[in-house]
Amino acid sequence: RNALLDEANARLAAANHELVVDADTQRERLDRIAVLSGELARVQDLDILLSRILREAVALVGAGAGVVFLVAEGMLHAAEIVGASEVRTRDIALDAATVAGQVAVATDPIRLGADECALAGRSAPAIGTEEVLGRRAESALVVPIVRAGDRALGCIALTDGRAFDESDERLLVHFASL
């Protein structure tokens, strides 16, 4: 009995430690978000704002790369890029031919796991980051940048993190609304 109790206590202690570490990580993440939100509210230069948002979003969700696409002259233009191995183009179509185009038009976020990314550009629409980043994505999260009147100004696409989840999506939606 004592051995069973000791084993159960050891498992509870390990689980408790994991919860404390997770709570500390989430607290640090929230602190970074709060500080960044305050700093971004004071930034007046769009290029600086987009660069900072993208870099922080990539870091906070653990993405390998990211792109801010802005609607310009009927296209999506890659205004900011982080983690590209080779930029082949900065412009993609603003239509349903890509996930980024779908998100910018419909203003609904889209998360893709490894299976969906494997089909992207083959039997499913390309993500839209392939040509910009110079590689295929293993996972992707694309959210619209929406302003007054629910009109999309573009979208933010993150790729190659672990499988993105709802908390990553909420975080990126928050940044895209700043």
Legend entry - Residue check for Val68: surrounded by 17 or more Cβ atoms within 10 Å (Cβ to Cβ), more than 20 Å from Ser167 (Cβ to Cβ) and either modelled with pLDDT under 90 or touching a Gly at 6+ places or on another chain (Cβ under 7 Å) (or both): yes
Legend entry - Test for Ser85: is it hydroxyl-bearing (Ser, Thr, Tyr), free of Cβ contacts under 8 Å to residues at least 24 places away in the same chain and loosely packed, with under 15 Cβ neighbours inside 10 Å: no
Legend entry - Filter result for Glu56 (at pLDDT 75 or above, open to solvent by 30 Å² or more (accessible area, probe 1.4 Å) and closer than 17 Å to Ser177 by Cβ): yes
Legend entry - Ala79 being farther than 14 Å from Gly66 by Cβ and modelled with pLDDT of 90 or more: no
Legend entry - Test: Ser85 is more than 28 Å from Thr25 (Cβ to Cβ) and hydroxyl-bearing (Ser, Thr, Tyr): yes
Legend entry - Qualifying position, being free of Cβ contacts under 8 Å to residues at least 12 places away in the same chain and basic (Lys, Arg), among Arg90, Arg147: Arg147
Inset, instruction - Would you check which residues across the stretch 71-80 are within 13 Å of Glu131 (Cα to Cα) and surrounded by fewer than 19 Cβ atoms within 10 Å (Cβ to Cβ) and list them? - result: His77
Inset, instruction - Grab the strands (runs of 3 or more DSSP E) fully contained in the stretch 95-178, keeping just those with 1 or more residues being open to solvent by 70 Å² or more (accessible area, probe 1.4 Å) and closer than 22 Å to Asp47 by Cβ. - result: 140-147, 151-159
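The values are calculated or read from the model by the stated rules, or taken from the named source; none is laboratory data. Given the structure is predicted, the values throughout are model-derived calculations rather than measurements. In this analysis, Cβ positions are derived from the backbone assuming ideal geometry, glycine residues included, and neighbour counts consider all displayed protein chains. Just so you know, the surface numbers come from the protein's heavy atoms only, side chains and all, with ligands and any DNA or RNA stripped out. Shrake-Rupley method; radii C 1.70, N 1.55, O 1.52, S 1.80 Å.
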